[in-house]
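Inspection log for the structure reproduced underneath, given as structure tokens.
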Amino acid sequence: MRTKRWNTMLSLVLVGILILLAGCQPVGNVDVGKAMAGSLAVKSSEGKQTVTLELTPDPAVTMSPEGKRMFDLFSKVKIDITEMKTQDQLHASMKGAFEYQKGRVPFELVMSDMNYTLKIEGAKKPIMIRNSATAATELPKELQEQLQQLSKKAVEAVPSLTPFFTRNFPNPSKITAAEVSETVNGEALTLQKVHAEIYGNELLGLVKGFLTNVLADDQGLKDFIGVLYDLYVPILKEVTQEVGKNNADSNDTLTPYLNNKALAVEFVHTFVKTQLEQALKDFDASVDKMDPEAKAWLSDNQSLKMDLYVDKDYVTRKSNAEIGFTLPQGKGGGLKSVKITSVYEVWNVNKPIQAATIDTAGGVIEMNGADGSLTAGKFVASLDPNSQLYKLLKDDLGVTKKNISMIVGEDKELSFGTLPYNDNGTIMVPARFVVEELDADVKWDAATKQVKVTDPLSGAVLVLTIGSDEATVNGKTVKLEKPAVLVEGVTFVPVRVVSEGLGAKVGWEQAMQTVKITRD
């Protein structure tokens, strides 16, 4: 159990390694903590960034044909953001492109009050991703308003939370600072260059040092908890009030802490401190018990190298970063190493900036609308078939491919829920389950007792009537092996008509009594 916890912890540490660098103590004439705080305090800016992912194959492993195809396609991919505009903490935009071996997919992204609008070349309409509280229409109005406030306050709270980390992370062994001349957006600037390198064999020491420093920073820990209290307690109060309407005793235990900040902070502080003391006590023993695969990540084969260019206002105006991972031998499924590089620069800091907008007058594609989440098939169906995005998703990634397996019961009396059954040699399957698994739409008309199936990907339309041995497929009448039937409110139809009508193939595994539905 402890080994599993450490494997998870290492993954989180590797993901959060950039935060670790921000916690360095002053180096030369540069206070890296102040530089991090200064960058987080930026309200508006313009910039650009390029992120590149490169994969190296393991020569000792023979990839499957499909694995090699995917590797050849995505062994080097790039996200090139040519324009970034931050108007304020809740309004921003960017323009760029995703590049891979077969082509380039331009895109635009706009954030407004935590809602995202994405315009991708090849999509007939912009894509809307609603993350703001207003998207949660099923919640009470008061709770929606609290969620809206939480979104804004969470962004505003980041600068006040950061010093807790910047004070307590120790320095990596390789870190230097020097004054240099650099060009940012064509402007020559005098900046302080901070160069740092962090390797896997340092991680545990840095983590232990951080935990030790946090344990000693009593007031800092209390202040950190206090900021979180101010951030989350208003919405917790609203939630407990809603729950309390149905159960008067439901929030008796929590209420004293929600109404008394000092009491809550002291309680959480005592709990966290106790856990930290135990974690530090067990730290070395836990490391010794780590399995060899986890220890393989703690070597100089894993690294972060970064150059930060900081101006006189402690704002990072430019950065170059490289993260490298080498997977344990034979454990990468044909992958030997991963390298991620980033080049970034920013200008017009804290000057009036107007974020770009995306025209949505012609409608949008809702990623999480009232009809549920957008499926891969429905999204691909909304694209221009000649676009690079369509080819990327359908041909290269195969997101519309389907492989459905269903174990068949003996007969409908013994078939529970949505389990298919065998009706004298004809496999009857639940229409809604199969149709939705194939990313199509199904509608039931109680008046006519008809099931209408529409496939957005192919445009096929199927209409089946309960009790009838005929159906229409794209307007043409076809004979069914068996009529569609209702079993305890569930519509069952012959597997072939619905599957083949939606462009899928049907197979049968006799040994497992399983029907297989596949679509390329």
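The values are calculated or read from the model by the stated rules, or taken from the named source; none is laboratory data. Since the model is a prediction, treat every value here as computed from it, not as a measurement. Neighbour counts are summed over all protein chains in view; Cβ atoms, including those assigned to glycine, are modelled from backbone coordinates with ideal geometry.
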* Structure fact -> VAL265 meets each of (1) surrounded by 14 or more Cβ atoms within 10 Å (Cβ to Cβ); (2) under 18 Å from LEU150 (Cβ atoms); (3) at pLDDT 85 or above with one exception, condition (2)
* Looking only at residues in the stretch 470-487 that are loosely packed, with under 14 Cβ neighbours inside 10 Å and assigned to a loop (DSSP other than H, G, I, E, B), which one is farthest from the chain's Cα centre (by Cα)? -> GLY475
* Asked: Could we say that VAL451 is in contact (Cβ under 8 Å) with a residue 40 or more places away in the chain and closer than 26 Å to PRO385 by Cβ here?
  -> no
* **Filter result (without any contact (Cβ under 8 Å) to a residue 40 or more places away in the chain and in a strand (DSSP E or B)) within the stretch 161-178** => LYS174
* Just give me the residues in the stretch 52-86 being among the aliphatic types (A, V, I, L, M) and over 30 Å from ASN350 (Cβ atoms), in sequence order. => LEU53, LEU55, ALA60, VAL61, MET63, MET70, LEU73, VAL77
* To do: Evaluate the stretch 445-456: report whether one residue or more is crowded, with 16+ Cβ neighbours inside 10 Å, in contact with a Leu (Cβ under 6 Å, 6 or more places away or on another chain), acidic (Asp, Glu) and modelled with pLDDT of 90 or more.
  => yes
* To do: Take the stretch 62-97 and flag every residue that is under 30 Å from GLN149 (Cβ atoms) and either charged (D, E, K, R) or touching a Phe, Trp or Tyr at 6+ places or on another chain (Cβ under 6 Å) (or both).
  => LYS85, ASP88
